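*Asks:* Below: one structure in structure tokens.
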Amino acid sequence: MQPLAQGGRLHEISNIGKDLLGHPQGLFLLFSTELWERFSYYAMRAILVLYLVDKVRGDGGYGLGWPQDDALRLYATFTGLFYLTPLFGGWLADNILGQRKAIYLGGALMAVGQFTLGMPHSWLPGNETILFYAGLTGLVLGNGLFKPNISTMVGDLYKDGDHRRDSAFTIFYMGINLGAFLSAIVVGSVVRYFDGNYQMGFVCAGVGMLISLLLQYLFANKLLGNIGTIPSAKLDKLKLGMKDDEKKAPLTPVERDRIKVILIMGVFTAIFWAGFEQAGGLFNLFAHNFTDRMIGDWEVPTEWFQSLNSLFIFIFAPIVASVWIRCGAREPNSPVKFAMALGFLAIGFLFMIAAVLQVDETTSAKASMLWLVAAYFFHTLGELSLSPIGLSMVTKLAPLRLISLMMGSWFVFTFIGNYTAGMIGSLIGNSEDQNLQLNNVLAIFAGIAFTSVIAGVLLYFMADKLVDWMHGAETKLHTSREEEALEQEMAVTATHEAIKR
């Protein structure tokens with residue numbers, strides 16, 4: 001294989017066919033693959049805590065009967081690990097497997113995990129907890145291989161400097177949220193149809209994962225070409241004309257600065273997710289126990305609230321993208337958008353504080369569903385200002401030889417946020433006194449809102465320095481300092497090439 005030309009990632013060695021709607025066709029395959037994988041994950045997440053706290057019933061009961069605080073701590077550990085293992089999965093893909101093989105292996109492990117969770121308790125009586133942990137292990141390990149590599153492959157469809165990259169991640173992100181929207185509606189309906197049988201919900205999630213794998217197996221070679229078939233560390237050496245046994249070049253000053261930006265932005269990302277991810281835990285319990293879900297004589301299933309975020313993304317993602325375009329030269333940079341996201345998160349929790357205050361001391365008068373709807377709306381605006389922007393940013397700033405590893409590192413901050421979210425949520429306690437629970441919930445929501453505001457203000461004032469460290473990755477207008485750093489990087493590369501020759 002010939003060394004790659006400079007200026008691109010994997011694009012030069014791939015035969016990815018014609019464009020569709022202005023983007024490579026492979027983007028829509030990755031969109032569909034991720035759609036069904038996210039369907040699988042969010043279907044499981046929508047019922048996980050409810051399954052854990054559901055009482056074991058004499059008619060073959062479907063829950064495990066855990067206390068609320070134990071369930072939320074387990075939720076914290078599980079969702080946290082779901083975003084920690086991509087660090088190792090990214091390394092394996094970069095150095096050994098390649099992204100394509102990592103996706104196949106990870107998807108298979110996740111499907112096995114979902115179907116293990118879906119095994120009826122009556123099949124192996126007395127071993128329900130063992131099966132539960134075995135299923136979660138399959139999901140965690142499989143996700144570690146799947147998640148960082150599907151996102152990286154989106155960036156690999158585009159040459160460096162291609163202005164379509166941010167737009168591509170917005171489209172990809174819509175696939176994620178279409179899967180999430182469908183999952184809560186479908187799994188909530190399935191569980192209700194089977195009279196609270198959560199095992200059928202997990203089976204439903206497993207079917208979604210199988211569809212994801214099938215799509216990738218049938219169409220990847222045709223629509224993605226060689227993308228993801230060669231470990232990126234090896235590909236980086238090919239690009240530089242190096243042999244496999246040659247040592248990697250050290251990081252340049254520009255690369256080190258860009259990695260610093262990824263790590264610093266990751267800290268604020270963790271703060272955002274620590275608040276946002278109350279959705280699957282504390283919000284879920286609040287909707288189930290303290291929210292008036294009646295519309296006439298019909299009760300809205302608790303799981304359906306998990307779809308509000310995804311529904312709002314579908315409605316407002318194009319509007320938000322249009323607003324950024326209309327801003328033109330005044331469009332906020334990535335750090336400012338992250339600061340805005342933290343502000344939107346705080347506003348959402350103000351609505352949840354109002355919801356708690358509406359519940360009376362006897363808890364006979366419950367909170368209106370509209371408070372939850374408003375909170376999910378503002379949290380969605382925050383997500384749109386942070387999550388797709390962050391994914392795109394990593395593919396812009398990370399060195400090629402570390403691309404999947406850095407994407408995995410990015411998800412480590414999501415791990416920190418998710419784990420923190422569950423641990424904070426568990427502070428609700430397990431008291432039978434619902435007034436005490438509500439007081440704990442009020443303190444939690446107020447604390448998250450305050451922290452979000454402080455973090456957002458701090459990041460806003462750091463924004464200019466962070467953009468300076470990006471060295472032109474987000475704009476073609478370089479300062480003199482950036483031009484000097486870029487010239488230094490090119491000089492290092494030229495010296496390396498001269499030494500080889």
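Residues checked against (1) closer than 26 Å to PRO388 by Cα; (2) among the basic types (Lys, Arg); (3) modelled with pLDDT of 85 or more; (4) surrounded by fewer than 20 Cβ atoms within 10 Å (Cβ to Cβ):
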site	(1), (2), (3), (4)
GLY22	yes, no, no, yes
GLN25	yes, no, no, yes
THR33	yes, no, yes, no
ALA46	yes, no, no, no
TYR51	no, no, yes, no
TYR75	yes, no, no, no
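*Asks:* What is the number of the single condition among (1) of a type outside the set (Lys, Arg); (2) in contact with a strand residue (DSSP E or B) (Cβ under 7 Å, 6 or more places away or on another chain); (3) modelled with pLDDT under 90; (4) surrounded by fewer than 17 Cβ atoms within 10 Å (Cβ to Cβ) that GLN358 does not meet?
*Replies:* Every condition holds for GLN358 apart from (3).
*Asks:* Tell me, which residue of the range 82-98 that is of a type outside the set (Gly, Ala, Ser) and over 19 Å from the mean Cα position of the chain (by Cα) is modelled with the lowest pLDDT?
*Replies:* It comes out as ASP94.
Conditions tested, residue by residue: (1) part of a helix (DSSP H, G or I); (2) among the basic types (Lys, Arg); (3) farther than 13 Å from VAL336 by Cα.
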{"position": "SER431", "(1), (2), (3)": "no, no, yes"}
{"position": "LEU436", "(1), (2), (3)": "yes, no, yes"}
{"position": "LEU442", "(1), (2), (3)": "yes, no, yes"}
{"position": "MET462", "(1), (2), (3)": "yes, no, no"}
{"position": "LYS465", "(1), (2), (3)": "yes, yes, no"}
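The rows are residues; the columns are (1) open to solvent by 50 Å² or more (accessible area, probe 1.4 Å); (2) in contact with an Asp or Glu (Cβ under 7 Å, 6 or more places away or on another chain); (3) not polar (S, T, N, Q).
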{"site": "LEU405", "(1), (2), (3)": "no, yes, yes"}
{"site": "ILE416", "(1), (2), (3)": "yes, no, yes"}
{"site": "TYR419", "(1), (2), (3)": "yes, no, yes"}
{"site": "MET423", "(1), (2), (3)": "yes, no, yes"}
{"site": "SER426", "(1), (2), (3)": "no, yes, no"}
{"site": "ASP433", "(1), (2), (3)": "yes, no, yes"}
{"site": "GLN437", "(1), (2), (3)": "no, no, no"}
{"site": "ASN440", "(1), (2), (3)": "no, no, no"}
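*Asks:* Okay, next question. Looking only at the range 137-164, which residues are open to solvent by 10 Å² or more (accessible area, probe 1.4 Å) and assigned to a helix (DSSP H, G or I)?
*Replies:* THR137, GLY138, VAL140, LEU141, LEU145, LYS147, ARG164
*Asks:* I'm checking my understanding of the structure. Among residues of the range 125-135 that are open to solvent by 10 Å² or more (accessible area, probe 1.4 Å) and either in contact with a helix residue (DSSP H, G or I) (Cβ under 6 Å, 6 or more places away or on another chain) or part of a helix (DSSP H, G or I) (or both), which one is farthest from TYR62 (Cα to Cα)? Steps first, answer last, please.
*Replies:* First pass over the range 125-135, keeping only residues open to solvent by 10 Å² or more (accessible area, probe 1.4 Å): 125-131, 133-134.
Keeping just the survivors that are either in contact with a helix residue (DSSP H, G or I) (Cβ under 6 Å, 6 or more places away or on another chain) or part of a helix (DSSP H, G or I) (or both) gives 128-131, 133-134.
Details: GLU128: 10, THR129: 12, ILE130: 15, LEU131: 13, TYR133: 16, ALA134: 17 Å.
Taking the candidates together, the pick is ALA134.
*Asks:* Among the numbered criteria (1) of a type in the set (S, T, N, Q); (2) under 30 Å from LEU263 (Cβ atoms); (3) out of contact with any helix residue (DSSP H, G or I) (no Cβ under 6 Å at 6 or more places or on another chain), which one does SER122 miss?
*Replies:* Of the numbered conditions (1) of a type in the set (S, T, N, Q); (2) under 30 Å from LEU263 (Cβ atoms); (3) out of contact with any helix residue (DSSP H, G or I) (no Cβ under 6 Å at 6 or more places or on another chain), the odd one out for SER122 is (2).
*Asks:* Assess whether LEU251 counts as being of a type in the set (A, V, I, L, M), at pLDDT below 85 and surrounded by fewer than 17 Cβ atoms within 10 Å (Cβ to Cβ).
*Replies:* Taking the combined requirement at face value, the residue satisfies it.
*Asks:* Please list, ordered by first then second residue, the pairs with beta carbon atoms under 8 Å, 6 or more apart or interchain, first in the range 101-125 and farther than 17 Å from ILE211 by Cα, second open to solvent by less than 30 Å² (accessible area, probe 1.4 Å) and not in a helix (DSSP H, G or I).
*Replies:* Pairs found: HIS121/GLY61.
*Asks:* From the list ILE319, ILE295, ILE313, ILE259, pick out the single residue that is within 19 Å of VAL412 (Cα to Cα) and out of contact with any strand residue (DSSP E or B) (no Cβ under 7 Å at 6 or more places or on another chain).
*Replies:* Every option except ILE259 fails the conditions.
*Asks:* Looking at the range 400-439 only, could you name the residues that are more than 30 Å from ASP156 (Cα to Cα) and small (Gly, Ala, Ser)?
*Replies:* Those that are more than 30 Å from ASP156 (Cα to Cα) and small (Gly, Ala, Ser): ALA421, GLY422, GLY425, SER426, GLY429, SER431.
*Asks:* Continuing with the same structure: Given the conditions (1) at pLDDT 85 or above; (2) open to solvent by 10 Å² or more (accessible area, probe 1.4 Å); (3) of a type outside the set (Gly, Ala, Ser), which single one is not true for GLN68?
*Replies:* (1)
*Asks:* May I ask you to verify whether ALA446 is small (Gly, Ala, Ser), assigned to a helix (DSSP H, G or I), open to solvent by less than 60 Å² (accessible area, probe 1.4 Å) and within 24 Å of SER334 (Cβ to Cβ)?
*Replies:* Answer is no for this residue.
*Asks:* Can I ask one more? Being under 21 Å from PHE461 (Cα atoms) and crowded, with 16+ Cβ neighbours inside 10 Å: is that true of PRO301 here?
*Replies:* It is false that PRO301 is under 21 Å from PHE461 (Cα atoms) and crowded, with 16+ Cβ neighbours inside 10 Å.
*Asks:* Hey, another quick one. Picking from ALA346, ALA354, ALA287, which residue would you name as being within 23 Å of LEU72 (Cβ to Cβ) and free of Cβ contacts under 8 Å to residues at least 24 places away in the same chain?
*Replies:* ALA354
*Asks:* Which of the numbered conditions does VAL373 fail, given that it passes all the others? Conditions: (1) farther than 22 Å from PHE268 by Cα; (2) under 25 Å from the mean Cα position of the chain (by Cα); (3) β-branched (Val, Ile, Thr); (4) crowded, with 18+ Cβ neighbours inside 10 Å.
*Replies:* Answer for VAL373: the failing condition is (4).
*Asks:* Here's something else I'd like to know. Checking the condition open to solvent by 50 Å² or more (accessible area, probe 1.4 Å), under 19 Å from the mean Cα position of the chain (by Cα) and not small (Gly, Ala, Ser), which residue from PHE314, PHE378, PHE338, PHE351 passes? Even if it seems obvious, please write down each step before you answer.
*Replies:* On the way: PHE378 fails: open to solvent by 50 Å² or more (accessible area, probe 1.4 Å); PHE338 fails: open to solvent by 50 Å² or more (accessible area, probe 1.4 Å); PHE351 fails: under 19 Å from the mean Cα position of the chain (by Cα).
The unique qualifying residue is PHE314.
Table: residues versus (1) open to solvent by 40 Å² or more (accessible area, probe 1.4 Å); (2) under 26 Å from LEU52 (Cα atoms); (3) modelled with pLDDT of 85 or more.
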{"position": "TYR173", "(1), (2), (3)": "no, no, no"}
{"position": "VAL203", "(1), (2), (3)": "yes, yes, yes"}
{"position": "ILE230", "(1), (2), (3)": "no, no, no"}
{"position": "LYS243", "(1), (2), (3)": "yes, no, no"}
{"position": "LEU263", "(1), (2), (3)": "yes, no, yes"}
{"position": "ALA270", "(1), (2), (3)": "no, yes, yes"}
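The values are calculated or read from the model by the stated rules, or taken from the named source; none is laboratory data. Because the structure is a prediction, the values reported are computed rather than measured. Please note: Cβ atoms are built from the backbone with ideal geometry, for glycine as well, and neighbour counts cover all protein chains shown. Heavy atoms of the whole protein, side chains included, go into the accessibility calculation; ligands, DNA and RNA do not. Shrake-Rupley method; radii C 1.70, N 1.55, O 1.52, S 1.80 Å.
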